[in-house]
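Below is one structure; the comments refer to it alone.
The values are calculated or read from the model by the stated rules, or taken from the named source; none is laboratory data. Everything numeric in this text was worked out from a predicted model, so none of it was measured. Heads up, the Cβs are rebuilt from the backbone with ideal geometry, glycines too, and the neighbour counts pull from every protein chain shown. Protein only, heavy atoms only, side chains kept; ligands, DNA and RNA dropped before computing areas. Shrake-Rupley method; radii C 1.70, N 1.55, O 1.52, S 1.80 Å.
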Amino acid sequence: MHPMAARIPVLLWAVFMTQTAIPAPAQTAPATIRYTVSFPAPHTHYVEVTAVVPTDGRPEVELMMAVWTPGSYLVREYARNVEEVTAATDGGRALQVDKFDKNRWRVATGGAPSVEVRYRVYAREMSVRTNWVETDFAMLNGAPTFMTLADGLPRPHEVVIQPAPGWQTSATGLAEMPGGSHRYRAPDFDTLVDSPIVIGNPAVYEFTVDDTPHFLVNVGEAGVFDGARAVGDLEILVREHRRMWGMLPYDKFVFLNLLTLVNEGGGGLEHKNSTMLMANRWVTRTRQTYLSWLGLASHEFFHTWNIKRLRPVELGPFNYEDEVHTRSLWMAEGVTDYYADLALHRAGLSTREELLDGLSNHVEGLQTTPGRLVQSVEEASFDAWIKYYRPNENSANVTISYYTKGAVLGFLLDARIRAATDGARSLDDVMRAAFQKFSGDRGFTPDEFRAVVEQVGGLNLASFWDGALEGTEELDYGEVLETFGLRFRPVQAPGADRPGRAWLGMSTRDNAGRLVVTQVRRGTPAFAAGLNVDDEILAMNGFRVRADQLTAQLGRYQPGDTVALLVARRDVLMTIEAVFGTESPRQWRFEVSPDATDTQQQQRDRWLQPQA
Ligand SMILES: [Zn+2]
């Protein structure tokens with residue numbers, strides 16, 4: 001609907017790698033936008049932006065700000081943090097600026113060949129897609145920072161950074177310009193949006209793989225995060241991903257690693273030659289949290305191939321002003337999750353048990369979420385904008401995560417291909433073949449990716465796609481168990497070593513000592529009884545229940561007992577009758593079967609060990 005949608009496709013990886021070597025013909029290239037960003041008062045959390053914008057002699061120009069960031073599917077209205085937009089000629093004559101849409105401005109040029117547009121952006125949201133400016137450092141993302149011309153032409157964008165006093169370093173995936181430090185150039189707006197920038201005094205570590213420099217840039221180590229250990233393991237991880245894909249598709253890579261407070265922002269966002277990671281600074285202190293940080297780095301780094309270059313057809317060139325829907329996030333995100341953990345293990349950074357534990361978590365997460373029977377994984381992908389990124393208390397009942405189910409589907413497909421080819425081929429071959437075929441400027445459709453899977457495996461998977469991708473059929477784990485010689489860990493029947501515990505199945509929280517219901521899943525006694533989210537449970541069978549006594553209270557009943565629950569619902573007291581049930585045992589934990597055959601063991605070894 002906006003002209004941005006009709007822009008010219010750019011940025012296949014081969015072009016990206018040679019962008020500095022082959023300048024576009026001067027007579028046809030759209031003119032450059034030149035930004036200066038500065039931080040005159042970083043403690044107030046503002047970044048000041050000056051953009052020198054070419055007008056091509058037009059009487060007015062339209063400027064646009066993105067409303068979302070690729071990789072994170074929610075309209076975020078970045079213009080809400082923009083203030084005091086003014087414009088002037090380079091002689092200093094003020095020009096008229098009219099804001100006419102939530103994220104668009106029209107500037108009268110007065111016939112000037114370029115106009116200087118100034119604005120400031122409030123920057124205090126700690127997430128991988130937003131901005132943060134404080135006394136010690138700035139973290140800038142392209143989408144929430146830079147206005148561009150709305151004509152959508154692939155014009156170069158240059159950024160000159162004026163660091164605050166005392167800030168020594170800037171780090172980004174952008175190419176450096178000659179003429180001093182802190183000067184960068186993007187061949188087009190997509191690259192600018194795709195290249196977060198960190199400025200300050202971060203700890204910077206460097207390593208080289210295939211003669212290609214890699215940087216780990218840690219903001220906020222604070223003597224707590226173990227940077228030396230992290231960079232050593234990151235190099236091992238990069239080598240394993242490079243081994244699987246067969247090459248590195250960039251000429252430098254930057255891991256921007258923001259170390260935050262516990263309970264502050266977290267997560268990661270992928271880019272073509274960088275990633276922003278966010279985790280609390282204590283993560284290197286325990287094995288579990290460190291593995292989860294390595295897993296995050298592995299996931300985002302795998303995206304360098306899968307989604308940033310091998311991408312669903314809808315995810316580029318981007319319309320930055322409207323939602324972009326795709327049915328393929330199960331592959332782009334879920335299969336990436338599958339490989340994130342698999343690569344950690346193949347690189348020797350996690351044990352076989354830790355890998356199986358991660359796979360078990362995915363399967364258990366899927367099989368215990370009622371929404372798996374309501375929403376297909378393709379629907380989950382398509383509706384990411386309005387469902388996955390906008391969850392509510394009913395989400396588990398009606399939606400499924402395309403990360404979780406996608407990772408499980410990756411695992412099932414891998415096993416199926418290995419079984420069908422006696423271990424000669426695998427999902428690794430699918431990913432490499434798809435990369436070869438589709439990593440140019442167009443991307444793949446759902447049917448095209450399915451065809452590659454079928455071709456590599458020599459399989460007809462029509463009924464699998466119907467049931468597992470387009471439908472909500474229960475998945476069959478028989479093949480993964482059989483192929484790799486695994487089994488689900490036997491769980492003792494309830495009552496074998498302890499009495500079955502009375503169970504209602506709702507989630508609750510302790511609100512200053514009061515017991516408040518936070519989630520009611522379908523298929524639980526609480527759901528059957530009609531308990532509601534936000535009900536405060538006051539008493540069971542006439543006896544007071546406080547938040548810290550729920551477990552003890554439940555221990556006094558048996559499954560099958562009836563209980564009268566006194567609840568306060570929207571300020572009205574009422575009694576609700578419920579019948580206690582029994583929680584299902586944890587039955588989705590993989591382990592290696594002690595009866596595995598030699599063939600199964602060979603399949604497992606081929607799967608888990610790096611193959612030349
Ligand atoms: Zn991802």
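Rounded to the nearest Hz, the phi-derived 3J(HN,Hα) couplings of segment 202-218 under the Karplus curve 6.51 cos²θ - 1.76 cosθ + 1.60 (θ = phi - 60°) are x, 7, 10, 10, 10, 8, 10, 10, 6, 6, 9, x, 10, 10, 10, 10, 9, where x marks glycine and proline. What do you get for the angle between helix 427-438 and the principal long axis of the chain? Use alpha-carbon atoms, 0 to 90 degrees, nearest ten. Between the helix axis and the principal axis of the chain, the angle is about 30 degrees. Where does helix 402-420 land angle-wise versus the long Cα axis of the chain, in degrees 0 to 90, nearest 10? Approximately 80 degrees, to the nearest 10.
Leaving out ligands, DNA and RNA, what percent of the accessible area of the chain is carbon and sulfur, probe 1.4 Å? Could the numbers behind the result be given before it?
Numbers: 12430 of 25690 Å².
Roughly 48 percent of what the probe reaches on the chain is carbon or sulfur.
So how strong a dipole does segment 24-141 carry about its Cα centre when Lys and Arg Cβ are +1 and Asp and Glu Cβ are -1, to the nearest 20 debye?
For this selection, approximately 200 debye.
Among residues other than ALA175 with Cβ under 11 Å from its Cβ, the summed charge is 0 (Lys and Arg +1, Asp and Glu -1).
Packing-based ranking of 580-592, 560-572 yields 580-592, 560-572, ordered from highest to lowest mean Cβ neighbour count within 10 Å. For the chain, the per residue solvent-accessible surface stands at 42 Å², with DNA, RNA and ligands left out and a 1.4 Å probe.
Using a Förster radius of 56 Å, what is the FRET efficiency between ALA29 and GLU354 based on their Cβ-Cβ separation? Nearest 0.05, please.
0.65
Extension gain, ASP226 to ARG522, is 102.2 nm, computed as 0.36 nm per intervening residue step minus the present C-alpha separation. A full extension of the chain between ASN532 and VAL374 corresponds to an added length of 54.8 nm, given 0.36 nm per residue minus the alpha carbon distance. With R₀ set to 51 Å, the beta-carbon distance separating ARG514 from ASP101 gives a calculated FRET efficiency near 0.65. For the chain, the longest principal axis of the Cα atoms and the long axis of helix 336-346 meet at an angle of about 80 degrees.
Taking 0.36 nm per residue of sequence separation and removing the Cα-Cα distance, the ALA451/GLU393 pair yields an extension gain of 17.1 nm. In this structure the amide hydrogen of ASP101, modeled in the peptide plane, comes within under 5 Å of no amide hydrogen from residues 5 or more places off or on another chain.
Using the Cβ-Cβ distance between ARG183 and GLU206 with R0 set to 25 Å, the FRET efficiency works out to roughly 0.80. For the chain, the Kirkwood estimate of the hydrodynamic radius, built from every pair of different alpha carbons, is 26.8 Å.
Highest mean first, the peptides 333-345, 126-138 sorted by other C-beta atoms within 10 Å per residue fall in the order 333-345, 126-138. The simple spin-label model puts a point 7 Å past each Cα toward its Cβ; for GLN288 and GLU60 those points are separated by 5.9 nm. Residues whose amide H comes within less than 5 Å of that of ALA186, counting only those at least five positions distant or on another chain, are HIS157, GLU158, VAL159 (H built at 1.01 Å from N in the peptide plane). Taken about its Cα centre, segment 221-304 carries a charge dipole of about 160 debye when Lys and Arg each add +1 at the Cβ and Asp and Glu each add -1 at the Cβ. Under the convention that each Lys and Arg Cβ holds +1 and each Asp and Glu Cβ holds -1, the size of the dipole of the chain around its Cα centre is about 620 debye.
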